Amino acid sequence: MNELTQLADRFLKACLAREIMAATAESCTGGMIVAHLTDIAGSSAVVDRGFVTYSNEAKTDMLGVKAATLEAFGAVSSETALEMAAGALVHSRAGITLAVTGIAGPDGGSAEKPVGLVWFGLALKGRETVSEHRIFDNRGRDFIRRETVRHALEMGLKALAA
């Protein structure tokens, strides 16, 4: 079992222990987080759904991210990650949601928002929705996306342990 599979398994077990469902809202990972979760037998007891919201329109249509937020802050921002996580909670049966939006490259980066910048959002029922960001080394698109999956699952585990 590789490290990401182990993290996914631990996250599923933590959700099961708390008796809550999970959902994801993914942009730069294109569904990789929910794929890692659903690769594990029995995950249907915990995983409600995964929203793949690659375009701004999908973020708005599926998650309720405000067009004004996207215009003012961009898709790769704390504000968008927060709205993605909160929207996934509202539009699912989940008690916890993991949201990611970032620049996986190889193109699309800027001085302000470099390739490797990823914003994470986490919503847990009964708690304030939180966001954080990481700037991963630009070691290629696959590396950035894998590290994004890793960090999102770790963030979820930390929230469930608190």
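For (1) surrounded by fewer than 15 Cβ atoms within 10 Å (Cβ to Cβ); (2) touching a Lys or Arg at 6+ places or on another chain (Cβ under 9 Å); (3) of a type in the set (A, V, I, L, M, F, W, C), each residue gets a yes or a no:
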{"site": "N2", "(1), (2), (3)": "yes, no, no"}
{"site": "M21", "(1), (2), (3)": "no, yes, yes"}
{"site": "V34", "(1), (2), (3)": "no, yes, yes"}
{"site": "A58", "(1), (2), (3)": "no, no, yes"}
{"site": "A68", "(1), (2), (3)": "yes, no, yes"}
{"site": "S110", "(1), (2), (3)": "yes, no, no"}
List, please: which pairs have Cβ atoms under 8 Å, are six or more places apart or on different chains, and start with a residue in segment 137-155 that is touching a residue at least 12 places away in the same chain (Cβ under 8 Å) and end with one that is of a type in the set (F, W, Y) and part of a helix (DSSP H, G or I)?
-> D137/F143; L153/F11
Go through the residues of segment 19-34 one by one and say whether even a single one is part of a loop (DSSP other than H, G, I, E, B), more than 11 Å from the chain's Cα centre (by Cα) and more than 21 Å from R150 (Cα to Cα).
-> yes
Pick from segment 95-108, criterion closer than 19 Å to R139 by Cα and in contact (Cβ under 8 Å) with a residue 40 or more places away in the chain, ranking: surrounded by the most Cβ atoms within 10 Å (Cβ to Cβ) = T101
Listed by first then second residue, the pairs whose first member lies in segment 82-94 and is more than 17 Å from L12 (Cβ to Cβ), whose partner is polar (S, T, N, Q) and in a helix (DSSP H, G or I), with beta carbons under 6 Å and at least 6 positions apart or on separate chains, are E83/T69
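None of the figures in this text is laboratory data; all of them are computed from the coordinates on show. Fair warning: this is a prediction, and the values are worked out from it, not measured in the lab. Neighbour counts are summed over all protein chains in view; Cβ atoms, including those assigned to glycine, are modelled from backbone coordinates with ideal geometry.
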